[in-house]
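Undergrad: Next up is a structure, given as structure tokens.
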Amino acid sequence: MNKVIKKLKKIMINKQTNLSISVDFTKTRDILDLVDKVGDSICMLKTHVDIIEDFSDDFIKKLKEKSYEKKFLIFEDRKFADIGNTVSLQFSKGIYKISNWADIINAHSIIGEGIIDGLKKVNKNSALILLAQMTPEGNLFTKDYMKKTIEMAKKYPDFVCGFIGSSDKPDIQKEMKSLIKDKFFIFTPGISLESKGDHLGQTYNTPKKAVENGSDIIIVGRGIYNSKDPRKEAEKYRLEAWNSYKNKLI
Ligand code: S5P
């Protein structure tokens, strides 16, 4: 089993959570404040560093410290999608130097195995999630694409830790789960207890539904960080997701 998954499982069991926050704020202060509120409820924090307006190495230092203190992993949602050589540079160089700090990254499999090789050569400590599905309405992902993505991942069991799934096409996510069993995790965004969509194509399902359809980790953004009381809301999501999931974790 992938070593990052082992780490994640340990955190999930200790903290009784399969909730990941997606913190899509553009100011570092807002991100760090949110972590203080929801850190105890999450096993993973998902970032989009390229939307941050005041990014600095000091921010990463503080975020890493909080991740050690509160015990969660950091997933940089960069969605790499280029040739192996380019992604290896995007992963390790530039302003963000993602390979220095991200426990988990993700990439599009449409490029072929070269993208996995390019990322793997940079850093053997991070783990990779491949996008096997996506949540927006009208996307071009198919069942066949999902299956081919899984075949590709199976060649890299030490590096690939799982797949992005979507509860919006539950039959595909369920089939994905049956193909990967407990060898990989399914990470599912598009989760909300209240909203059904965002008028820009996003689709939502509840934590319970996502887990019933095979999800291991639910990823929640606006449903938590835009709520009046993110600490309370995160606990609500954590409880629903964990109660649906706890008996499945082996
Ligand atoms: O298919 C996807 C894949 C991802 S990683 N659909 C998604 O929504 N995401 C990400 O999950 C997206 O980039 C965003 O950061 C988060 C969902 O945010 P929310 O506010 O809609 O919960």
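Computed from the coordinates by the stated procedures, all read-outs in this text should not be read as laboratory data. Note that the structure is a prediction, hence the values are computed from the model and not measured. We place every Cβ from the backbone using ideal geometry, glycine too, and count neighbours over all the protein chains shown.
Undergrad: Could you pull out every residue, at least 5 positions away or on a different chain, whose amide H is within less than 5 Å of the one on I191? Hs are placed 1.01 Å off N in the peptide plane, and Pro or chain starts have none.
TA: Long-range HN contacts for I191: N205, G221.
Undergrad: Quick check: convex hull of the Cα atoms in region 127-236, volume per residue, rounded to a whole Å³?
TA: So the per-residue Cα hull volume is 102 Å³.
Undergrad: If amide H atoms are built 1.01 Å from N in the plane of the peptide, which residues on other chains or at least 5 residues away come under 5 Å of the amide H of A127?
TA: For A127, whose amide H was placed from the backbone, the distant partners under 5 Å are I104, I105.
Undergrad: Something else now. Just to confirm my numbers, what's the Cα centroid distance between region 231-250 and region 1-72 in Å?
TA: 17
Undergrad: May I pose another question? Only Cα pairs within less than 10 Å get springs; with that Gaussian network setup on the chain, which residue of I105, I224, I60 has the largest fluctuation?
TA: The residue that fluctuates most here is I60.
Undergrad: Let me ask another. At a 10 angstrom cut-off on C-beta neighbours, averaged per residue, how do the peptides 157-165, 51-59 rank from highest to lowest?
TA: 157-165, 51-59
Undergrad: So between K71 and D40, what do we pick up on full extension, going 0.36 nm a residue minus the alpha carbon distance?
TA: Here the answer is 10.4 nm.
Undergrad: When the helices in the chain are scored as -39500 (n - 2.57) per DSSP H run of 4 or longer and the sum is shared across all residues, what 222 nm value do you end up with, to the nearest 500 deg cm²/dmol?
TA: -12500 deg cm²/dmol
Undergrad: Taking the dipole about the Cα centre of the chain, with the C-beta of Lys and Arg at +1 and of Asp and Glu at -1, give me whichever of G94, I74, L193 is farthest to the positive side.
TA: Checking the options against the dipole of the chain, the answer is I74.
Undergrad: Return the distance in nm (one decimal) between the two label points of a simple spin-label model at I95 and K27, each offset 7 Å from Cα along Cα→Cβ.
TA: 1.7
Undergrad: Another question, if that's okay. For I164, list long-range residues whose amide hydrogen, built 1.01 Å from N in the peptide plane, is under 5 Å from its own amide hydrogen.
TA: Hits under the 5 Å cutoff: L130, L131, A132, Q133, F187.
Undergrad: Follow-up question, since we're still on this one. How much length, in nm to one decimal, is gained on full extension between K174 and D198, taken as 0.36 nm per residue of separation minus their Cα-Cα distance?
TA: 6.2 nm
Undergrad: If packing is taken as the mean number of other Cβ atoms within 10 Å per residue, what is the order of 143-150, 15-22, 179-186, highest first?
TA: Result, highest mean Cβ count within 10 Å first: 15-22, 179-186, 143-150.
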